[in-house]
């Protein structure tokens, strides 16, 4: 936001230099970007945060200076002398979409003479980086920069039917804007139309067919309140941004609509002549303003700021900022919040205003901050554990964009999300899909690593995926995604380690799945205590080729929430075993349909309490054992906490396990 030093002094008397004023503004929250000389004036570039829409005009910044330097604020009265003819006798305004346009005000000026602007007006606009067009257009820009309320002047005679219709555009409808480009509109775009066609894109830019030229004699002056989300969507959909859209997106002061309209008409008549018609049209009518009331407890100011500020100073600061004190006693005061400060709905906001004007620099930097003991949440503890486990195995955390392209999203979409969730007005025209899975983004990162010489980049990410949309917004799940060049069993072992460190009561099992993104027979659905958890598998070569990856890739994506729910925040230590374990191998010949989980479950049940560990040691298929057969090699460890087991005891357990496997699985011990 650029402000003119000379212009500011029209509203507030200042004896300081431009730099001194700019530095005071900077210390009160309007960051100073630069100051540039502009003839006999200075252009001061300030960074205005999105909550301070009131400072997007010269008057708003002048109001800040008025409070900072304890000087009265002078605001023009905007006096007009309309003729007797009513506006409604020659035009009408129909507002068909009040959700997009809360209020629309139209005034008519007849008999203007359009021409060059006077030097004072040109210089002020040039100081702000705006070029002069003509006296009428320059006035609309002047008032916009003065108070932050966008306005637009239509050539009234060029409006078909001499009427205004605020409506949504028809699909495929087009408009030639004043920037010389033609834009195709959709049925979510609010337009200001005449009886036949759009004359302006609401809140963004006017149309060329109704723009003011030297032949214009009659004007329709628009002052309106457009919905911020509507303007934001339109501006991003069309990639069309303007000073008007910038302000509408942040919200305007609707109680200022009439003043801005009168101010604009006042200046046009002064510079271009003409007569203003009486009784402007406003649809719907502006409601009576009901100010927000906020109570400030004086004791809360030093309590939150940590420095002494007297009640008298707090009251003086808020009064200078335009807040109206309606009740006060020794302990507190109640204020009416002015319409231009919608960002002050709470007591703490008033305390911040006191701090800004009192001076942030008066808050000591050397005082020790108050420290309060805090506890990490279960979510934070769980994510810390995930980082530790993955980092210990040589994995690196990745942070990828939430948006992907449709092609990438469809390449790995095990949830089969359809339709994909898109943000149509995203500035990323191609990558505008909210990802249904973390894997595609991680594959892109792995490809980037391969191209820079980092082979087998082990990557993981904890982030959200988007799976559905409802009236409450997009359904989101916090997931752990990982990609690696290691094989299926290595990655499964890493997940087993993670689950084991979260809780001893969790059991991870894997069941084959036929998702097309996995290589045949190399994909699995994962379950925690028989509840679905996620996916694990080696990618099909067709998928990895789409990402131009050199090597085979194994991926996994699991839900973080079950880990958070089952996290043991105080794991119990176990004594180191005092007696040795005795290991036995079981090499069973089985039908192809028998899975490792079935075999492991049978062995575990038959082994009893003395079976302390069971590990997969290998499998075999070949001509020697016949078609439809396979062997699993299982390694079991037996141990007692009370004594050293004898060979006879382990032999007995061995026989129990073999018998159980023969009876339940028709297994043959080799």
Test: residue in the stretch 625-639 that is more than 60 Å from the chain's Cα centre (by Cα), surrounded by 12 or more Cβ atoms within 10 Å (Cβ to Cβ), assigned to a loop (DSSP other than H, G, I, E, B) and in the same structural domain as residue 602 (by TED's automatic domain parsing): no
Some residue of the stretch 120-129 being closer than 30 Å to residue 46 by Cα and in a loop (DSSP other than H, G, I, E, B): yes
Of residues in the stretch 107-129 being in contact (Cβ under 8 Å) with a residue 60 or more places away in the chain and under 36 Å from the mean Cα position of the chain (by Cα), the one surrounded by the most Cβ atoms within 10 Å (Cβ to Cβ): 127
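For (1) in the same structural domain as residue 430 (by TED's automatic domain parsing); (2) in contact (Cβ under 8 Å) with a residue 12 or more places away in the chain; (3) touching a strand residue (DSSP E or B) at 6+ places or on another chain (Cβ under 9 Å), each residue gets a yes or a no:
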position	(1), (2), (3)
204	no, yes, yes
210	no, yes, yes
230	no, yes, yes
233	no, yes, no
265	no, yes, yes
270	no, no, no
Qualifying residue in the stretch 9-17 (condition: in contact with a helix residue (DSSP H, G or I) (Cβ under 7 Å, 6 or more places away or on another chain), closer than 27 Å to residue 339 by Cα and modelled with pLDDT of 95 or more): yes
So residue 394, is it over 28 Å from the mean Cα position of the chain (by Cα), surrounded by fewer than 20 Cβ atoms within 10 Å (Cβ to Cβ) and either not in a loop (DSSP other than H, G, I, E, B) or not assigned by TED's automatic domain parsing to the domain that holds residue 534 (or both): no
Residues that are in contact with a helix residue (DSSP H, G or I) (Cβ under 6 Å, 6 or more places away or on another chain) and part of a loop (DSSP other than H, G, I, E, B), drawn from the stretch 437-464: 457
Candidates 23, 34 - the one that is part of a strand (DSSP E or B) and either over 18 Å from residue 318 (Cβ atoms) or not assigned by TED's automatic domain parsing to the domain that holds residue 130 (or both): 34
Whichever residue in the stretch 481-491 is in a helix (DSSP H, G or I) and in contact with a strand residue (DSSP E or B) (Cβ under 6 Å, 6 or more places away or on another chain) and, among such residues, is farthest from residue 508 (Cα to Cα): 488
Selected residue [under 19 Å from residue 561 (Cβ atoms) and assigned to a loop (DSSP other than H, G, I, E, B)] from 495, 506, 526: 506
Residue list for the stretch 146-191, filter: under 23 Å from residue 267 (Cα atoms), out of contact with any strand residue (DSSP E or B) (no Cβ under 7 Å at 6 or more places or on another chain) and assigned to a helix (DSSP H, G or I): 146, 147, 157, 158
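The values are calculated or read from the model by the stated rules, or taken from the named source; none is laboratory data. None of the values given here were measured: they were computed from a predicted structure. Because the Cβ atoms are built from the backbone with ideal geometry, glycine has one as well, and the counts that use them run over all protein chains shown.
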